[in-house]
Amino acid sequence: MLDMIIIGSGPAGLSAAIYGQRAKFSLLLTEKQPMSGGQVINTYDVDNYPGLPGISGFDLAMKFREHADALGTTFLQEEVQSVQLSGKEKQVVTANGTYTAKTVILATGAVHRKLGVPGEHELRGVGVSYCATCDGAFFRGKDVAVVGGGDVALEDALFLARGSRRVYLIHRRDALRGAKVLQEKIFSTENIEVLWDTVTERIEGGDQVEAVSVLNRKTQEKKKIPVSGVFIAVGIEPDSGLFRGQVSMDENGYILAGEDCRTSVEGVFAAGDVRTKQLRQIVTAAADGANAVISAERYLMA
C-alpha cells in the first residue's frame, strides 16, 4: 500500500508530488490528460507567478513537471473511474486496476463553465471554443467574439486581438470584473469592441459558427453579429463529481477544505481549484499542494 495517491497533475498536484517526494513518501500521481499542467498549459502569458514574469503557461507547466520527474515521481496516465475514500485504506480505481494508499490528495481542478445557449454544444470545435490560446490561430484575420468579463475573458480578448481582425467582448454587466491592468489594455486596443450589458442568446451556424445573436438587457435591442468564432470564458466549476457523496462540498460543488487542505474525511486532502478558497491562481494552487502534503505527513505520523 502506498503512502499517497495524488489525483490530478495541475500545479496543485505537481506541487504535492514535489513535496511528497522530498518527504520520501511512496506515492503515485494519476492524470487523465496526455500532458501535465491542467488549465495552465492553455494560458498564453503568465504575468503573476513570482519570479517568472511573462513565462508562457506551457513552459511553466513543463518546469513543474520536470521538477517532479527529477525527484522520481511515478506518473500514471489513466483516468480515475471511482474512489473509495473512507477507512484507513483508500482505493483509487482506473480501467487498468485498483490502487490503494493511506492518504489521497484530490487535485482535479476545475473545468470551463458552459453558457447553455442554443448552438453552443452543436458548434463546439467548429467555432465554439473555451481556449483562445489553443484555437486562436484558426481565426487570424477574422472577426470573433469573447463572452465574459473576468481575467480569463480579458486575457483571451487581448490574445485574439493580436491576430484577429476584430474582437467583440460580450459582457452582461456595465463594468468588467478583470484586473485593472487588463482592463486598461482592453480599452487601449483598437480592434476590441466591448458590448456592455449584453447577453448571448444563440450561437448561429451550420457546419461552423457564422454569427452570435445577442440582447442588450438595458435597451432590449437584439442583433446578430457575424463572427467566425465564439470564445466562452464565463468562469469555471469544480471537477469534483467523482467525489460527490464521499467528502463534504459547498452548494457549488467545491470541496470544503481550509488552508490545511483537510477535507471532512480523515486522510483525504483537497488542493487547488477544486477546494473552497478565496483566490484560484497558479501560485495558490502550488501552495495548496505543499500544505496538503504537510497535513498528510502529520496524519501519517499521528
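Throughout, read-outs are computed from the coordinates displayed, never taken from laboratory work. Worth saying up front: this structure is predicted, and the values here are computed from it rather than measured. Glycine gets a Cβ as well: all are built from the backbone with ideal geometry, and neighbour counts include every protein chain shown.
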Every cysteine in the chain with no other Cys Cβ under 4.7 Å from its Cβ, please list them in numeric order.
261
Shape call for region 1-117 from the C-alpha gyration tensor, a ≥ b ≥ c root eigenvalues: rounded (a/c under 1.5), prolate (a/b greater than b/c) or oblate?
oblate
Amide H of residue 46: which non-local residues (sequence gap of 5 or more, or other chain) have their own amide H closer than 5 Å, using H built in the peptide plane?
54, 55, 56, 57
Once you treat every alpha carbon in region 160-302 as an equal point and sum by Debye, what is log10 I(q)/I(0) at q = 0.14, 0.18 Å⁻¹?
-0.84, -1.01
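State the percent of C-alpha pairs, over all pairs in region 202-257, separated by a distance greater than 16 angstrom.
Counting every Cα pair in region 202-257, those more than 16 Å apart make up 62 percent.
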Compute the signed sum of charges (Lys and Arg +1, Asp and Glu -1) over the other residues within less than 14 Å, Cβ to Cβ, of residue 165.
+1
With respect to the cross-link table entries 142/218; 24/102; 142/223; 88/277; 24/90; 180/218, which display a Cα-Cα separation exceeding 21 Å?
142/218; 88/277; 180/218
Only counting other Cβ atoms within 10 Å, I'd like 69, 273 sorted with the fewest neighbours first.
69, 273
Antiparallel bridge percentage (DSSP; both residues within the chain; nearest 5)
45
With DSSP loop assignment and no more than 15 other C-beta atoms within 10 Å, the trypsin sites (Lys or Arg not before Pro) in region 200-302 are 217, 218
Filtered GluC sites (Glu not before Pro), region 222-291: DSSP coil and at most 12 other beta carbons within 10 Å:
251, 259
Sort the following peptides by mean Cβ neighbour count (other Cβ atoms within 10 Å, averaged over residues), highest first: 116-127, 227-238.
227-238, 116-127
At 10 °C and 1.306 mPa s, the Stokes-Einstein diffusion coefficient in µm²/s for region 55-145, with hydrodynamic radius from the Kirkwood sum on alpha carbon pairs, is 91
Can you tell me the equivalent ellipsoid semi-axes for region 114-232? Use √(5λ) from the Cα gyration tensor, largest first, whole Å.
20, 18, 12
Size-normalised alpha-carbon gyration radius of the chain, reference 2.2 N^0.38 Å
1.08
Step through the residues of region 28-36 one at a time and calculate ³J(HN,Hα) from phi using the Karplus curve (6.51 cos²θ - 1.76 cosθ + 1.60, θ = phi - 60°), rounding each to whole Hz and writing x for Gly and Pro.
9, 10, 9, 9, 8, 8, x, 9, 6
5 Å is the cut-off here: which amide hydrogens, built 1.01 Å from N in the peptide plane, fall below it relative to residue 111, excluding neighbours closer than 5 in sequence?
237, 239
Which net charge results when you count Lys and Arg as +1 and Asp and Glu as -1 among the other residues whose beta-carbon is under 10 Å from that of residue 155?
-3
35, 4 arranged by Cβ crowding within 10 Å, fewest neighbours leading:
35, 4
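Could you order peptides 11-19, 86-94 by the average number of other Cβ atoms within 10 Å of their residues, highest first?
Details: 11-19: 29.6, 86-94: 15.1.
By packing density, highest mean first, the sequence is 11-19, 86-94.
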